[in-house]
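Have a look at the structure below, then the notes.
The values are calculated or read from the model by the stated rules, or taken from the named source; none is laboratory data. Computed from a prediction, not measured in an experiment: that's the story for all the values here. A quick note on method: Cβ atoms are made from the backbone with ideal geometry, for glycine too, and the neighbour counts reach across all protein chains shown. Ligands, DNA and RNA are excluded from the accessible area calculation, which covers all protein heavy atoms including side chains. Shrake-Rupley method; radii C 1.70, N 1.55, O 1.52, S 1.80 Å.
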Amino acid sequence: MPTKDQRKAILTIKNYLNVGTNPKYTDTYMMKTFELAIDELVESSLSIKAIKATGIKSKSDGVQSVTFTDGVEAWVVTSSIKMLLPLPFVRMMG
């Protein structure tokens, strides 16, 4: 059974891949097939959440200051995670 954070990563990746409710893409299938991408998404998201509040672009603590690049948010499929995944499926309109 995936952890709560792994389930968030699985849902994020399912949305990225446009697999919707396709019964093939169970949590078990996702964990087996996209383990590296799920692990990377969980690790990066937890790191980002530990140092950055949503919507904050910079943070100072005494003499130390950190400025975040635009688009750095937790639970987002980044280019490094995309390299571990297939291309998203095209949804047909109709």
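A few points about this structure:
- Residue in segment 40-63 that is modelled with pLDDT of 80 or more, farther than 21 Å from Lys4 by Cβ, open to solvent by less than 60 Å² (accessible area, probe 1.4 Å) and part of a helix (DSSP H, G or I) present: no
- Considering residues of segment 64-88 that are in a strand (DSSP E or B) and modelled with pLDDT of 75 or more only, the residue nearest to Arg7 (Cα to Cα): Ser65
- Per-region count, segment 13-39, residues in a helix (DSSP H, G or I) and open to solvent by less than 30 Å² (accessible area, probe 1.4 Å): 5
- Screening Met1 on (1) closer than 21 Å to Leu84 by Cβ; (2) touching a helix residue (DSSP H, G or I) at 6+ places or on another chain (Cβ under 9 Å) shows it passes everything except condition (1).
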